[in-house]
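Comments concern the structure below.
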Number of protein chains: 4
Amino acid sequence: MYFASDNWTGASDPVAAAVAGIDRSVPAAAYGTDDLTAEAIAALGARFETDIECAFVATGTAANILSAAVMARPGGLYLTHRGAHVAVDELGGAEALAPGFRTYRLDGPNGKITEQALRHALDELPDGNRFGRPVALSLTQATELGTVYSVEEVSTLAAIAHEAGMLVHMDGARFANAVAAQGCSPAELTWRAGVDLMSFGATKNGCWCAEAMISFRPDLFRDLQIFRIRTGQVLSKSRFVATQLLAYLKDDHWLDLAGHANSMAARLADGLAESNLVSLDWRPDGNEVFVTMSDELVASLTERGAVFHTWPVGDLMPDEKPARGFSLARFVTSFATTNEDVDGLLSLIAESETSMQKAG
Amino acid sequence: MYFASDNWTGASDPVAAAVAGIDRSVPAAAYGTDDLTAEAIAALGARFETDIECAFVATGTAANILSAAVMARPGGLYLTHRGAHVAVDELGGAEALAPGFRTYRLDGPNGKITEQALRHALDELPDGNRFGRPVALSLTQATELGTVYSVEEVSTLAAIAHEAGMLVHMDGARFANAVAAQGCSPAELTWRAGVDLMSFGATKNGCWCAEAMISFRPDLFRDLQIFRIRTGQVLSKSRFVATQLLAYLKDDHWLDLAGHANSMAARLADGLAESNLVSLDWRPDGNEVFVTMSDELVASLTERGAVFHTWPVGDLMPDEKPARGFSLARFVTSFATTNEDVDGLLSLIAESETSMQKAG
Amino acid sequence: MYFASDNWTGASDPVAAAVAGIDRSVPAAAYGTDDLTAEAIAALGARFETDIECAFVATGTAANILSAAVMARPGGLYLTHRGAHVAVDELGGAEALAPGFRTYRLDGPNGKITEQALRHALDELPDGNRFGRPVALSLTQATELGTVYSVEEVSTLAAIAHEAGMLVHMDGARFANAVAAQGCSPAELTWRAGVDLMSFGATKNGCWCAEAMISFRPDLFRDLQIFRIRTGQVLSKSRFVATQLLAYLKDDHWLDLAGHANSMAARLADGLAESNLVSLDWRPDGNEVFVTMSDELVASLTERGAVFHTWPVGDLMPDEKPARGFSLARFVTSFATTNEDVDGLLSLIAESETSMQKAG
Amino acid sequence: MYFASDNWTGASDPVAAAVAGIDRSVPAAAYGTDDLTAEAIAALGARFETDIECAFVATGTAANILSAAVMARPGGLYLTHRGAHVAVDELGGAEALAPGFRTYRLDGPNGKITEQALRHALDELPDGNRFGRPVALSLTQATELGTVYSVEEVSTLAAIAHEAGMLVHMDGARFANAVAAQGCSPAELTWRAGVDLMSFGATKNGCWCAEAMISFRPDLFRDLQIFRIRTGQVLSKSRFVATQLLAYLKDDHWLDLAGHANSMAARLADGLAESNLVSLDWRPDGNEVFVTMSDELVASLTERGAVFHTWPVGDLMPDEKPARGFSLARFVTSFATTNEDVDGLLSLIAESETSMQKAG
């Protein structure tokens, strides 16, 4: 029963078949100048219903870092949610290429920046202050806490940011889950809502290694490319990524995969909501379920074969922090999660409940 | 007839089979904490006959850049050959993570730094000078010009560098070709000769995407890992790289591939040496053949289907630069190059020779 | 009535006389290699009762930034009080020379980091976390809120930091005030208590421009010098700074100046404590007095000629923040502040009190 | 007999008097917001006959570094003469604040970049190359070798640079000498000729410590200010610099000082041109005289009390390098140099000549 992360899975069958099916006997131009890469980027542009500039990178962290570097200004601040991956999980990568660029963490419940938090930060950082100037905003979609921003929420936050002269980035490591959850179009959730740059992730949702930086603003792309070269993110045999993305996008395979993962999360949430041993603090929109449970239960489930992580307390809002003796457990579903996996986990919890009642 | 670069090829059959053969139905821990990754690193250590610290990265440029970052010091200089990839082809990547760190280019014929050039540079940069302090030396093996450093040459240069308080890095993008060319062991050519850090490349020689940073000095590895995280070089589904490397190393498949590429280069060099239209300025040790030819011949060969590059003049020593109207053409062979490819190219040149004699 | 900052003053008479008295007709070696500079550094070492490495810089911010750069490590965190000048007033300077180095702000009442806050931060940032690794601690002495760390407090915090493998920096922009307030020796308050690097400020306390970086650890000094060159902090006519410092140190002129400023602050605090219109939240140890007062009173005092600043709320602890309609006003005294200045300000407040009582 | 450097001198009498004459009993706003600073900047603008943005910094190196930081772009190249101070004497400072920004050294006789050298560099660095993109050009005026660029030369080089999308910086550490030498106006030699940013130096020519960054393009100034804060270059008691600059500019005192230094250099050059022991390779335009002489003569002059430096060979063009056994000696005159100093040095050389003839 694996719920540790969606990046523990392998590749989906169509994606794996695509990799296996590349005609290796025919050489192809290196560094992304090959036909297959052009084809994959065109397919992405078509799916986003606009002209995009796009380049592949090796990881989602890379896409985030390079986007940050492009948006950076001297003395600039990069506004993110307090629990955002770019702020807390990349060891300062967002600042690594732009010295003195600082992440600035905003609060908000359930992993989402609120309009109020953004406005408050801008008020506290007026022009000419000596802490820093806000130059970029990053929204994670779906968020690190399994929720999603609606089209309207993205639009509102992006409009405030643009008005303050900032650029808007979307960390789309789980973008497919957010789109599948809302039934909107990729365009509505991104550039039409004001997103300037995007990290488009496919690895967590069924590829081996396929991540892309998408720029909806052509003027930002030249620097993106330069940072990409300078950080060793230009894969020489690019067609091997391209073929994964083509299979991923074909017939909306990506949304099928994400939709399945989301539905597994919903099934799990439904089951957990009925248990007395855990507290489902908020409903999952995407493929991550968070529940508060006792440390004993964490240990017991782990011992009986459930693989999952507890969440760092420091990234949570005060009223989201579990009480002493309790933890916030995260269960991530994926395209490969089955009904049996979910039901197996729920059975383990039910067993605990039964044995506690007996003990009681 | 493709001689543009060895990274135009696909993957070798055993490597491709390994990727296809991963059991995708079983989840594996992410970010390199899986068993297959541990196995692959152990296999590398065994082949190098020593304890190594090792981490995978996405590209050879990444391995170079992260190694540079670890070796950097404030105001430091990074000594390389004047045509080294790290100096001229990575858009300042070596300096990107360590501000003010500067590449400092040394001369030497046929792509190799000479003992004299290194000593001269150290003389010109005494302690307390305000240009910079030499802190690292990088040797490319095989070099960008298709030659190799002997074990003795590496030892001599590394000893001078260490005596001056510098660290020694080897850019092994074509390390397999260098080992195959000399029949020595990987250990002799690296740590036994004084190499501290290494970029171990497998992509050009038959993998899809498999590059590793190897540290022969455990104390340098912590910072390597930190820079790896900060630059988005930690592939989440690491087993997909590990499986390639395991197939690559098994039964010295890597040396078979490189040996084949080297022999194709030798066959090509033998043929070219007999032509009156081209001048083979130095014998290839590895899998890259350089000849001077007229720009007309470059155009004519290209028109008739030969795919290859001419070399930037700025990276060459004065007496290596071709005369006006001539270019230095580079032909790269690979594991996939065939006798027919080589002979086809030689035939094209022979045709040109014949038609010119007629014209004459 | 000027209480805006101690850097609004000119130079003290002995310091001004020293500058005027330099024999300009005799050339002196440039860039700090002159005799007067050596003499001033020797005088500093003698006053600190130890061998020091020392170099002059142009500003206190420079001394802080260069110290930070020397202590930085990749992915490192620089722990400071939440209101520390290095964290909130230097536009990311501490991070500017060491990309990705991050300031990490600790809480504590009255401007002082507590032992508990430091231990808590270290607990939340265990080895291997992906937020960052604590590598340096900075203590401001006297603090931005006019308090001082005792010898024992410095020792305790430094010991915890050293045990965690960190280095300890002291921002001594108002070091003279801290020493004068406690009657201890400079040595006790710095290297004997575990301080590794220090920004020694003299400008606020009677010089025109005289700031020094002092290293109590010789191994850190080489990099300090390199960063000093690289940031344009090597004044060519160094003797003009040296002569100020010699006059400053002679016969403990510096402690007389600071002692006077401190006593003016005490006189002011005594007077303010008796007013019903302001609330003296904590006693000043040094030369900065903080009181909470209504925004109307701020405006009224300003209108009647009192020059002072209110303090940014974001840098305060929750229970230090003034209520709506109130501000935290800062009054800084200096070596040039007179009894008349203090009494004049107190009279203004008394006038307000009288007029309000009448109005009441 | 001091000819080591013009920064070995003290301050001129009017400048020293100005410092001594500041009314220290009246407080003034800190960090450059005082009236005297505004007055000095207005005086500079008037002398340059245009609206300028201007800020003081502590050193000429600082002005150069901050200008470089503002002009930097990711992967950018900063073109300078091969012997330029910013390239060879600041330990990588130009690259320190903008990681990966690289200095790129151009050749040219007598310290001056030629039109041909600039065009050649741009040809070798076409768009899309992976070495770097030219983004800034720096001209030293007067040059490190004592020559000056004419108005026409500055205009030509600046036009080429602008056409290539680059910005143009002038390192004016000895700008006064260049203006005095040519009799043109400051405006003609800078913004009218295409200079965008300037380091305006006054320290070498009679101040204690007075350097300014001048921006002729208002859009570049905001980032200059930010970098100034971040590097600790905002002097708190700014009026002390302002008063120096006001005295310096008043009645063109600065041009009198520089004109005197230039005439002393001309007198020295005239004398040296007649000696058989030294070879005056080019006439000085400003206040630096370079002659080739035997190492024995260098030693002998030094022994007899002449203080001067020999020039690093690495910064010279091949045909400027002295033969084995010879050095290029630099003699710098200043506002304080007297006829007696010059004639004294010439006498020492004449003595050597006599004694050698006798020996011969």
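Give the chain B residue with the shortest beta-carbon distance to the rotation axis relating chain B to chain C, plus that distance as a whole number of Å.
Closest Cβ on chain B to the axis mapping it onto C, in Å: B:99, 3.
Report the Cα centroid-to-centroid distance between the range A:1-72 and the range B:32-67 in angstrom, as an integer.
What the calculation gives is 24 Å, centre to centre.
Could you list A:102, C:230, C:324 so that the one with the fewest beta carbons within 10 Å of its beta carbon is first and the one with the most is last? Each step should come with its number before you reach the end.
Details: A:102 22, C:230 29, C:324 6.
Lowest to highest Cβ neighbour count: C:324, A:102, C:230.
Can you compute the FRET efficiency between residue A:150 and residue B:31 using 1/(1 + (r/R0)^6), with r the Cβ-Cβ distance and R0 = 30 Å? Round to the nearest 0.05.
0.45
Based only on the alpha carbon positions, what is the Kirkwood hydrodynamic radius of the protein assembly as shown, in angstrom?
About 34.5 Å for the protein assembly as shown.
Pick from B:328, B:272, B:125: which is most flexible by mean-square fluctuation in a GNM of chain B where alpha carbon atoms under 10 Å apart are linked?
Looking only at B:328, B:272, B:125, the biggest GNM fluctuation is shown by B:125.
Spelling out what I want: for every residue of the range A:239-245, take phi, set θ = phi - 60°, compute 6.51 cos²θ - 1.76 cosθ + 1.60 (Karplus), and round to whole Hz; glycine and proline get x.
Coupling constants for the range A:239-245: 4, 5, 6, 4, 5, 5, 5 Hz.
Report, in debye and to the nearest 20, how large the dipole of the range C:254-359 comes out about its Cα centre when Lys and Arg carry +1 and Asp and Glu carry -1 on their Cβ.
Working: 7 positive and 17 negative charges, 36 e Å.
Taking the Cα centre of the range C:254-359 as origin, the dipole is about 180 debye.
For a footprinting-style exposure proxy, rank C:53, D:163 by other Cβ within 10 Å, fewest first.
With the sparsest Cβ surroundings first, the list reads D:163, C:53.
Can you tell me which of B:21, B:76, B:194 moves the most in a GNM of chain B? Springs connect C-alpha atoms under 10 Å apart.
Most flexible of the set in this elastic network: B:21.
I need the shape label for the range D:154-258. Rule: rounded when a/c is under 1.5, else prolate if a/b > b/c, else oblate, with a, b, c from the alpha carbon gyration tensor.
oblate
At residue A:165, with labels set 7 Å past Cα in the Cβ direction, how many nm apart are the copies from this one, shortest first?
Copy-to-copy label distances at residue A:165, shortest first: 2.4, 4.1, 4.4 nm.
Treat the count of other C-beta atoms within 10 Å as a stand-in for reagent exposure and order B:112, D:204 from fewest to most.
Ordered from fewest to most neighbouring Cβ atoms within 10 Å, B:112, D:204 come out as B:112, D:204.
Modelled label-to-label distance, residue C:17 and residue B:13, 7 Å Cα→beta-carbon offset: nm?
The two pseudo-label positions are separated by 9.6 nm.
Can you find, among C:22, C:74, C:54, the residue farthest towards the positive end of the dipole of the range C:1-87? Put +1 on the C-beta of Lys and Arg, -1 on that of Asp and Glu.
Positive-end residue among those listed: C:74.
How many nm is it between the label spots at residue D:282 and residue C:309, if each spot is 7 Å from the Cα in line with the beta carbon?
4.9
How many nm is it between the label spots at residue A:358 and residue C:302, if each spot is 7 Å from the Cα in line with the beta carbon?
My value for the distance between the label points is 7.3 nm.
Given a cut-off of 30 Å, name the pairs among A:250/B:250; A:250/B:237; C:112/D:237; D:112/D:358 whose C-alpha atoms lie farther apart than that in the structure shown.
A:250/B:250; D:112/D:358
Taking every pair of distinct Cα atoms and averaging 1/r, then inverting, what Kirkwood hydrodynamic radius in Å comes out for the range C:254-359?
Across the range C:254-359, the inverse of the average 1/r is 14.2 Å.
Could you pull the copy-to-copy label distances for residue C:354, with points set 7 Å along Cα to Cβ, in nm to one decimal and sorted shortest first?
Relative to the other copies, residue C:354 has label-point distances of 8.7, 8.7, 11.8 nm.
Considering chain C as a Gaussian network with a 10 Å cut-off on Cα pairs, which listed residue, C:285, C:107, C:219, attains the greatest mean-square fluctuation?
Sorting by GNM fluctuation, first place goes to C:219.
Based on the inverse mean of 1/r over its pairs of different Cα atoms, what is the Kirkwood hydrodynamic radius of the range C:12-252, in Å?
Kirkwood radius, the range C:12-252: 18.1 Å.
Determine the percent antiparallel among the DSSP beta bridges restricted to chain C, to the nearest 5.
50
DSSP beta bridges in the range C:162-224, what fraction antiparallel, as a percent rounded to 5?
Once the DSSP bridges in the range C:162-224 are tallied, antiparallel ones form about 55 percent.
If you consider only alpha-carbon coordinates, what radius of gyration and Dmax does the range A:185-239 have, in Å?
Looking at the range A:185-239, its Cα Rg and Dmax stand at 12.8, 34 Å.
I need the phi-derived Karplus couplings for the range C:273-289: 6.51 cos²θ - 1.76 cosθ + 1.60, θ = phi - 60°, integer Hz, Gly and Pro marked x.
Coupling constants for the range C:273-289: 4, 8, 7, 7, 8, 10, 10, 8, 6, 8, 5, x, 8, x, 10, 10, 10 Hz.
Give the shape of the range C:4-52 as rounded, prolate or oblate, defined through the alpha-carbon gyration tensor: a ≥ b ≥ c are the square roots of its eigenvalues, a/c under 1.5 means rounded, and otherwise the shape is prolate if a/b is larger than b/c and oblate if not.
The shape class here is oblate.
Considering only DSSP beta bridges whose two residues both sit in the range C:151-289, what percent are antiparallel, to the nearest 5?
55
About its Cα centre, what dipole magnitude does the range D:227-266 give when the only charges are +1 on Lys and Arg Cβ and -1 on Asp and Glu Cβ, stated in debye to the nearest 20?
420
How big is the charge dipole of chain B about its Cα centre, in debye rounded to the nearest 20, if each Lys and Arg gets +1 on its Cβ and each Asp and Glu gets -1 on its Cβ?
So the magnitude is around 920 debye.
The numbers here are math on the coordinates, done by the rules we state, and not lab data. As the structure is a computational prediction, the values presented were derived from the model and not from experiment. When we count neighbours, we look across all protein chains shown, and the Cβ atoms used for this are built from the backbone with ideal geometry, even at glycine.
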